[in-house]
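Structure record follows, encoded as structure tokens.
The values are calculated or read from the model by the stated rules, or taken from the named source; none is laboratory data. This structure is a prediction, so every number in the text was calculated from the model and none was measured. Cβ placement follows ideal geometry from the backbone for every residue including glycine, while neighbour counts extend to all protein chains displayed. Just the protein is used for accessible areas: all its heavy atoms, side chains included, with ligands, DNA and RNA removed. Shrake-Rupley method; radii C 1.70, N 1.55, O 1.52, S 1.80 Å.
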Amino acid sequence: MLPSSPLRQLAPTMARRVRNPKTVARLASIPQYSAPVTTTSSPSATTQRWHSNHTSSPSGPSSSSSSSSSSSSVNPDEISHFNALAATWWDPHGSSRALHLMNPLRHDFIQNCRSSSPYSSFTVLTEDASDLLPPSSDAAHNTTHNTANVQKLRYLDIGCGGGIFAESAARLPTTSSVLAIDPSPGVLAIARSHAKKDPGLSPKLTYLSSTIESLPTLKPEAVTQKFDVVSCFEVIEHVDHPSLFLDHVAQFVKPGGWLVMSTIARTWTSWFTTNFMAEDVLGIVPKGTHDWHKYINEYELRGYFEETEEKRRFWGRPRAMGVVYVPGLGWKEVPGSEKVGNYFLGVQRLAGEDNA
Amino acid sequence: MEAVARRKAAAYVCRSCTRQFQRQLRRNYSNSAPRPDIYDVVCVGGGPAGLSLLTALRANPVTSHLRVALVEAQDLSKVKSWKLPPNKYSNRCSSLTPTSALFLDQIGAWEHLDQTRVQPYHEMQVWDGVTDARIEFDWAPGSAPVEGTTIAYMNENLNLTSGLLKRLEQLGGVSVFEGANVENITFGEEMEDLDLSQWPVVHISGGKQLTARLLVGADGANSPVRAFAGIDAKGWDYNRHGVVATLEMEGEGWGGEHTKIAYQRFLPTGPVAMLPMPGNVATLVWSTTPENASLLKSLSPKDFVAMVNAAFRLSTVDLAFMHTQGTDQDDEYSWRLQHTSFNPRAIPQTVVGVQEGTVASFPLKMRHADTYIGERVALVGDAAHTIHPLAGQGLNQGQGDVQSLVKTIEFAVTHGQDIGSIMSLESYVSERYTANHVLLGVVDKLHKLYSAGSGPLVPLRSLGLNAVNALGPLKSFFMKQAAGSGTKIF
């Protein structure tokens, strides 16, 4: 059951989906298929996708400057798929139920990431020693009574879909603002109309129809002010060129801030659970939501942040958390499962300069 | 309770929006449409469940910023200042399990109860009125839970609500609407910038309207909130009444001041229970037929006392006969007692008097709501379930509901969930529904099992009771369940 998400639920027609287990077995037997992308010399379909535009040398975040804002990492087929799902986005028993259930874990993971490092996006800006304290629920509580002394977080949610994560982030007392973007107008309309049902959201939550590439044009201050938490949940498996996409994302993360992602590993198990069981057999996730070929393994995603010296100076060590959906119980953290199925990956930006 | 300060613009979600509303309110002052008065939690019902819910929310640092309101039909200042002379006790008492007491302590309410009026008890004597099969719930050496040997605490309901109100006043921050009846519950309106069409609006007497992110029905068995949410409650009436009274005993009990004992005898008409209060006082809960109940209420104090003593001593045949007498039960009892043999130390000490004006009765029923939640609605306590009092679990179930609901709300707040959404309330139902259902079912079956005066069930149930009594570990298990300290089954 898998994750379905805004962007994720997107992957419809494109589905070069593998329905025949034999095909999968064949694919899995191709050595390059599972080899780390950085060492691949003759890329398979999947690795080509990962590298496209970067086949020679995936450079650092600086490469984002080389892409024009007209190019987009978003696949138009994906957009139409998610538009079609919009109506049931907020139905607790609808197509996005698995996503709703996963949402609390996203906050736990962010909390976990932020408390893992004494360095925060506020350290840099304020030099206030109290900011070194890891956030806790007590701190969250104090915020409401002591707003002057506690820094609140700015969130950028990329591929926000119907706003499941964006709304929840905006509700946290520790949040100052959430900018949520998505290229699908249909789902954004759903997100906006749902946000209208909660009077607490409007002061903090802004939706914008945009891709990450066009965001600097639409909202130049998003680049200059940057964000404490940049999230792209269940998104990266729906974009055509993940590494290019991540290059773009980097410029929105405050030094000391965190980029937090979740996606699905491309394994036998994930094909069986997310494609075959969840979509075809159980129907928990709408058909066509996932394109198994676009799944990204944890070591591949981690590799992006560690592949060059430049990147290692720019990003901290990635943190991962594997999660497993147990029908009837919901999502559970299972250490080690990041190698197998759904996982979160968080990485802290260290460097202060966008172009290292 | 007006002294309880009303927190302004301090809501979890509504902190900034309240400010916004106030601005808009000023701006729209000329318009006739009033801007909604929005609360995070509106609790209808100021009984033990509703009050402990609000106390727990206010005492918890994670939820204390929620904007909360209480709507209660009674005048709460009378409840808060409730006081009786030391030798007088209210007839409405409940048994609080150690789990409930611990929860009340955690939310800072326990210390506000008048402790001189709270009576822990340490043993239970339960027997079958037809066969005399018996189970003695006394802790075998080493089997008592670590926290002590207390099975439960007997306490007047008013002592609890009064203590909760004092704690709530200390915490502050609750908008209290007392002496206010719920006249109607509707949905909010859809405006240009705000869609409240799925938010409950509570209309209270005086014209005030409260809009609720989460509307909690702690409003009893005939819950208007449950009716608003369209949630059905199924069950049946037992055709029994619970007769209660405050009794004066000949002494402090066979165990003395420090080992108090609760007694329950299963009669074919229903169980009769005598529960210890401080000193020479005990409280009676006698489940019986409506006819017997009205007879008992009509008796002189002397005859009523004789009937209670008879209920724990005489054969069920003798007792049935005495219910046919209009009066003079006292003489009848004295005569019949001479011809009945029993072990006086295995039954309660003799009742010597009944506190004036405390004999009362109420109908017994079993109800269970189909669910405890709806969109922006949650039910707790009697609004969700009504149980036969024979196990003394009704109030404790309500406290268990509250504890679980507060945990659910706390999780929702820390994870940015809308505390009124079905999605965030689901865990409350899944945690409580089955547990309550099992307990309702067990108690219901117990009632039915012991209602049989003869037939094949009678020897079987006695066999069961004797067997349980003989098996130490099983008995210890039941005691821990009763004390709420064992593995969570019920």
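Filtered by the rule that a residue be surrounded by fewer than 17 Cβ atoms within 10 Å (Cβ to Cβ) and at pLDDT 90 or above, the stretch A:113-134 gives A:115, A:116. Contact map, the stretch B:124-146: first residue outside the structural domain of residue B:345 (by TED's automatic domain parsing) and acidic (Asp, Glu), second residue part of a strand (DSSP E or B) and at pLDDT below 75, Cβ cut-off under 8 Å, separation 6 or more or different chains; pairs are B:128/B:134. The residues of the stretch A:152-175 that are in contact with a Lys or Arg (Cβ under 9 Å, 6 or more places away or on another chain), within 14 Å of chain B (Cβ to nearest Cβ) and charged (D, E, K, R) amount to a single one, A:171. The residues in the stretch B:322-357 that are closer than 20 Å to residue B:288 by Cβ, open to solvent by less than 60 Å² (accessible area, probe 1.4 Å) and assigned to a helix (DSSP H, G or I) can be counted, and the count is 7. Of all the residues in the stretch B:211-231, those that are among the hydrophobic types (A, V, I, L, M, F, W, C), more than 14 Å from chain A (Cβ to nearest Cβ) and surrounded by 20 or more Cβ atoms within 10 Å (Cβ to Cβ) number 7. Residues of the stretch B:362-377 that are open to solvent by 10 Å² or more (accessible area, probe 1.4 Å) and assigned to a loop (DSSP other than H, G, I, E, B): B:370, B:371, B:375, B:376. At least 2 residues being at pLDDT 90 or above is the threshold, and among the strands (runs of 3 or more DSSP E) wholly inside the stretch B:45-161 those reaching it are B:68-72, B:93-96, B:119-121, B:152-156.
The residue that is farthest from the other protein chains (Cβ to nearest Cβ), among those in the stretch B:174-208 that are in contact with a Leu (Cβ under 9 Å, 6 or more places away or on another chain) and in a loop (DSSP other than H, G, I, E, B), is B:179.
Considering only the stretch B:209-243, state which residues are at positive phi and assigned to a strand (DSSP E or B).
Passing the criteria: B:235, B:239.
For the stretch B:427-448, what are the residues that are β-branched (Val, Ile, Thr) and within 14 Å of chain A (Cβ to nearest Cβ)? B:429, B:434, listed by residue number.
Residue count for the stretch A:176-208 under the criterion of being more than 8 Å from chain B (Cβ to nearest Cβ) and either assigned to a loop (DSSP other than H, G, I, E, B) or open to solvent by less than 60 Å² (accessible area, probe 1.4 Å) (or both): the result is 20.
Per-residue answers, yes or no, for (1) open to solvent by 10 Å² or more (accessible area, probe 1.4 Å); (2) within 14 Å of another protein chain (Cβ to nearest Cβ); (3) free of Cβ contacts under 8 Å to residues at least 12 places away in the same chain:
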position	(1), (2), (3)
B:379	no, no, no
B:388	no, no, no
B:417	yes, yes, yes
B:420	no, yes, no
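Taking residue B:294, is it surrounded by fewer than 17 Cβ atoms within 10 Å (Cβ to Cβ), of a type in the set (Gly, Ala, Ser) and modelled with pLDDT under 95?
no
Suppose we filter the stretch A:217-242 for residues that are open to solvent by less than 10 Å² (accessible area, probe 1.4 Å) and part of a helix (DSSP H, G or I); how many remain?
Qualifying residue count, the stretch A:217-242: 5.
Where the second residue is open to solvent by less than 60 Å² (accessible area, probe 1.4 Å) and the first is on the phi > 0 side of the Ramachandran plot and lies in the stretch A:315-334, which pairs have Cβ atoms under 7 Å and are six or more apart or on separate chains? Here the result reads A:330/A:101, each pair linking the stretch A:315-334 to a residue that is open to solvent by less than 60 Å² (accessible area, probe 1.4 Å). Of the residues B:424, B:404, the single one that is in contact (Cβ under 8 Å) with a residue 12 or more places away in the chain, within 14 Å of another protein chain (Cβ to nearest Cβ), surrounded by 19 or more Cβ atoms within 10 Å (Cβ to Cβ) and of a type in the set (S, T, N, Q) is B:424.
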